[in-house]
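A quick write-up on the structure given underneath.
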Amino acid sequence: MSVSPEGNSRPKWPAPFTFTGSASDQDPLRINSSFNTVNRYIASFGIQDTDQEALQYYGAYCRDQALDKFTQYEASTGEHTVAGLKRKFETYFLPSTSTDTIYEQWQAVKQTVNGKTAHITDTIINLERLRDSMPEGTITDYMAKQRLLDAMDIKLKRDVKPHITQDTSFDELVEIAEKRDAIAHSTGVYGSRNTHSHAVINTVTQPNPRRPQNQNN
């Protein structure tokens, strides 16, 4: 196993939490969070998921049942990748209904709840975190674009739609939405009941400081 990046003289990021595979870890969001935190941690030392030694770092932050499954995966025949390990964990540790549950949460995300309109960036973070927690390919980019439009406050949706076409990419839609949303918040378009708060999290209660990148690829 490679030497832990904690021995590097560069500034240290907080070490990832240990994934055990216990009952509290048997949740798509928890597995996704585990892989994302390890990914960001090793990336700070210049190590990418596709590098030969990357898989060992993911194993270094496994204990108990998760470490057993990591060892089994590493000893199996065929190619061993970070994406393959994640699929192995999802197959073993998640109930068969977990994807349905996450999909329902993804469908329920809204920018405006109880008359309070969050910044659209918060809504995008929630949608992307949930999307990343489902198996690769469950949500296409087209579905993601439509879901984001549906999640928008009606005022923002009306403002955004004239600026997009069927060829607008998801990232382009995000950029347009964030710009129009910033204007709407600054000019009071959403109304006096809006608190302009970043705290409206809808179905997910742990916000990220930035939009997460899809780790399934």
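Read-outs: derived from the displayed coordinates by stated rules, not from any lab. Small disclaimer: the values here were computed from a predicted structure and weren't measured. Here Cβ is always computed from backbone atoms with ideal geometry, including for glycine, and neighbour counts include all displayed protein chains.
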Two pseudo-spin positions, 7 Å from Cα along C-beta at GLN72 and at ASP141, lie apart in nanometres by 3.7 nm
Cα-projected label distance for GLU79 with GLU178, points at 7 Å along beta-carbon direction, nm
3.2 nm
Over the stretch 1-147, what is the mean sequence separation of C-alpha contacts under 8 Å (at least six apart), divided by residue count, expressed as relative contact order in percent?
24 percent
Ordered by residue, what ³J(HN,Hα) values in Hz, to whole numbers, does the stretch 127-141 give under the Karplus form 6.51 cos²θ - 1.76 cosθ + 1.60, where θ = phi - 60° and Gly and Pro are x?
4, 6, 5, 5, 4, 5, 8, 9, x, 3, x, 4, 10, 7, 4
For the stretch 83-93, just list the computed ³J(HN,Hα) in residue order, Karplus coefficients 6.51, -1.76 and 1.60, θ = phi - 60°, integers in Hz, with x standing in for Gly and Pro.
4, x, 5, 4, 4, 4, 5, 5, 5, 7, 9
ARG40 to THR18: extension gain in nm, 0.36 nm per residue of separation minus the Cα-Cα distance?
6.5 nm
When the chain is fully extended, how far beyond the present Cα-Cα distance does THR50 get from ARG63, taking 0.36 nm per residue of separation?
2.4 nm
Kirkwood hydrodynamic radius of the stretch 20-88, from inverse mean 1/r over distinct Cα pairs, in Å
12.3 Å
Amide hydrogen neighbours beyond the local backbone of HIS80, cut-off 5 Å, H modeled
none
Under the Karplus curve 6.51 cos²θ - 1.76 cosθ + 1.60, θ = phi - 60°, whole-Hz ³J(HN,Hα) for the stretch 25-40, x wherever Gly or Pro sits
8, 8, 8, x, 5, 5, 4, 4, 5, 4, 5, 5, 5, 5, 4, 5
Could you tell me the largest-minus-smallest coordinate of the C-alpha atoms of the stretch 98-187 on each of the three principal axes, in descending order and whole angstroms?
41, 33, 15
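Efficiency by 1/(1 + (r/R0)^6): what FRET value for THR91 and VAL189, r their Cβ-Cβ distance, R0 = 35 Å, to the nearest 0.05?
With R0 = 35 Å, the Cβ-Cβ based efficiency is 0.15.
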